[in-house]
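This report refers to the structure that appears directly beneath it.
The values are calculated or read from the model by the stated rules, or taken from the named source; none is laboratory data. On a predicted model such as this, the values are computed, not experimentally measured, just so you know. Don't worry about glycine lacking a Cβ; one is built from the backbone with ideal geometry, like all the others, and counts go over all protein chains shown. The accessibility values were calculated without ligands, DNA or RNA, using every heavy atom of the protein model including side chains. Shrake-Rupley method; radii C 1.70, N 1.55, O 1.52, S 1.80 Å.
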Protein chains: 2
Amino acid sequence: MVKKLKLDDNGLIPAIVQDAVSGQVLRLGYMNKESLELTLSSGEVWFYSRSRKQLWHKGATSGNRLVVSELWLDCDRDTVLVKAQPTGPVCHTGQRSCFFQRLTKEDIS
Amino acid sequence: MVKKLKLDDNGLIPAIVQDAVSGQVLRLGYMNKESLELTLSSGEVWFYSRSRKQLWHKGATSGNRLVVSELWLDCDRDTVLVKAQPTGPVCHTGQRSCFFQRLTKEDIS
């Protein structure tokens, strides 16, 4: 059976990045076919930046790269799970993970 | 400072669900404002089903609910991380997690 990825209307698929060692969820990024191919072939995470509308080798500027340990696909084939080892803080704020704020009732009011 | 959620053009925000105890990533779902409010007020995960175009109390039919432990928001405020305790398999296939298939080169060719 040929498994096919389901990309969204913009040709993107969300990619959850999880620390391969600690299990901490680090960020959600988006990939297109080319960034998936680059991630597979290079062993480092490449995203597609929706704001800059271009391929983004995570860490190319900051030095904080993500070294791939495992790539998983969900049952619907529309989400990727990347288990990776970060070489530095993943978040642009300098935090280890982008998820450092609690969500409260005030956030959705 | 008032933190505001960033919903997408369809009024949705992706929500990563992680097992609060084991750290396993279980699935990616989507929430709208109402499902977020219901998740916060009920302590169980409510999604918005994009295919059925309706609110979805996870486990209402299957019995496999997700009891919320913690809710986190990412730095960009456009992704939610739900740490939850599942009362049964999260995936409709009966698997504990929706991510049970390895992603390989063949998937993107």
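So for chain A, averaging the separation of alpha carbon pairs under 8 Å that are six or more residues apart and normalising by length, what relative contact order in percent results?
Result for chain A is 26 percent.
Just how many pairs of Lys in region A:27-109 have C-alpha atoms closer than 30 Å, counting pairs that are eight or more places apart or on different chains? Taking region A:27-109 as the scope, the lysine pair count is 5. Between rounded, prolate and oblate, where does region B:43-103 land on the alpha carbon gyration tensor, with a ≥ b ≥ c its root eigenvalues, rounded for a/c under 1.5, else prolate if a/b exceeds b/c? It is rounded, given that a/c, with a ≥ b ≥ c, falls under 1.5.
Only sites in a loop by DSSP and with at most 10 other Cβ atoms within 10 Å count here; which trypsin sites (Lys or Arg not before Pro) in region B:1-83 make the cut? Can you show the working numbers first?
On the way: sites: B:3, B:4, B:6, B:27, B:33, B:50, B:52, B:53, B:58, B:65, B:77, B:83; in loops: B:3, B:4, B:6, B:50, B:52, B:53, B:58, B:65, B:77.
Here the sparse-neighbourhood loop sites are B:52, B:53.
Give me the percent of the accessible area of the protein assembly as shown that comes from carbon and sulfur atoms, probe 1.4 Å, all protein chains in place. Percent of accessible area from carbon and sulfur atoms in the protein assembly as shown: 48.
Spacing of the modelled spin labels on residue B:49 and residue B:70, each 7 Å from Cα toward Cβ, amounts to 3.1 nm.
Given the DSSP H assignment, sum -39500 (n - 2.57) over each helix run of at least 4 residues in the protein assembly as shown and divide by its residue total; what's the result at 222 nm in deg cm²/dmol, nearest 500?
Using -39500 (n - 2.57) per qualifying helix, the result is -2500 deg cm²/dmol.
In this simple spin-label approximation, residue B:77 and residue B:102 carry label points 7 Å from Cα along the Cα→Cβ vector, and these lie 4.2 nm apart. Once C-alpha pairs closer than 8 Å and six or more residues apart are averaged by separation and normalised to the residue number of region B:54-109, the relative contact order reads 24 percent.
Considering only protein heavy atoms, what per residue accessible area in square angstrom results for chain B with a 1.4 angstrom probe? Working shown, then result.
Numbers: 5380 Å² over 109 residues.
Each residue of chain B exposes 49 Å² on average to a 1.4 Å probe.
Think of each Lys and Arg Cβ as +1 and each Asp and Glu Cβ as -1; about the Cα centre, that makes the dipole of region A:22-62 roughly 240 debye. In a reduced charge model with +1 at each Lys and Arg Cβ and -1 at each Asp and Glu Cβ, the protein assembly as shown shows a dipole moment near 40 debye about its Cα centre.
Computed 3J(HN,Hα) for region A:7-21, one whole-Hz value per residue from the Karplus formula 6.51 cos²θ - 1.76 cosθ + 1.60 where θ = phi - 60°, is 8, 7, 4, 9, x, 10, 9, x, 10, 7, 9, 10, 5, 5, 9, glycine and proline marked x.
The phi-based Karplus calculation (6.51 cos²θ - 1.76 cosθ + 1.60; θ = phi - 60°) puts the 3J(HN,Hα) values of region A:86-95 at x, 8, x, x, 7, 7, 5, 7, x, 6 Hz, whole numbers, x for Gly and Pro.
Taking Cα centre as origin and charging only the Cβ of basic (Lys, Arg, +1) and acidic (Asp, Glu, -1) residues, the dipole magnitude of region B:1-93 rounds to 180 debye.
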